[in-house]
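Student: Following this message is one structure expressed as structure tokens.
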């Protein structure tokens with residue numbers, strides 16, 4: 001049994017897939033529905049204004065955008081900064097430019113690993 005403390009309230013709970021106790025997870029889901037409903041009524045609102053209007057912590061809204069639960073493409077006012085360059089993006093962690101750069105970096109690194117190493121001829125010394 002995997003026991004953990006809830007990061008929201010501190011209670012002990014059995015961890016399954018979400019790092020939060022059942023009560024806090026249920027409360028967060030209610031907050032999410034409240035935010036989503038408000039967004040449908042006010043699609044051009046920004047994250048700060050949305051947080052103030054719904055009384056939901058701004059960090060939760062940003063997390064939901066990064067997780068893809070709230071799509072900024074559907075709501076033009078919802079943007080978060082790219083984790084690498086800071087450019088405003090509608091969802092995720094990285095802008096398309098940084099994603100491509102990171103992918104190229106990873107692929108070039110794996111290609112270097114896959115290349116066979118150049119072997120030199122062994123040198124022998126014969127002792128008479």
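Where a number appears in this text, it was derived from the coordinates with a stated rule and is not lab data. Please read these numbers as outputs of a predicted model, since none were measured by experiment. So basically every Cβ, Gly included, is an ideal-geometry build from the backbone, and we count neighbours across all protein chains shown.
Student: Under a plain spin-label model, where a point goes 7 Å from the Cα along Cα-to-Cβ, how far apart in nm are residue 107 and residue 36?
Tutor: In this crude label model, residue 107 to residue 36 measures out at 3.5 nm.
Student: Can I ask one more? Using a Gaussian network model of the chain with C-alpha springs under 10 Å, which one of 24, 82, 98 is most mobile by mean-square fluctuation?
Tutor: 24
Student: For residue 12 and residue 74 in the same chain, what is the full-extension length gain: residue separation times 0.36 nm, less their Cα-Cα distance, in nm? Before the final figure, lay out the partial values.
Tutor: On the way: separation 62, 0.36 × 62 = 22.32 nm, distance 3.75 nm.
Contour length minus the Cα-Cα distance gives 18.6 nm.
Student: Right, something else. Any idea what log10 I(q)/I(0) is at q = 0.11, 0.14, 0.21 Å⁻¹ for the chain, Debye with uniform C-alpha scatterers and no solvent?
Tutor: Ignoring solvent entirely, the Cα scatterers give -0.59, -0.80, -1.13.
Student: Round to the nearest 0.05 the FRET efficiency obtained for residue 2 and residue 127 when R0 = 41 Å and r is the Cβ-Cβ distance. Walk me through the numbers on the way to the answer.
Tutor: On the way: r = 63 Å, r/R0 = 1.54.
For residue 2 and residue 127, the calculated efficiency is 0.05.
Student: Counting alpha carbon pairs within less than 8 Å and at least 6 residues apart, what relative contact order, in whole percent, applies to the chain? It would help to have the intermediate numbers written out before the result.
Tutor: Numbers: 124 pairs, mean separation 16.0, N = 128.
Reported as a whole number, the value is 13 percent.
Student: Obtain the nm distance between the two label points defined at residue 97 and residue 19 by a simple spin-label model: each point lies 7 Å from its Cα along the Cα-to-C-beta direction.
Tutor: 3.1
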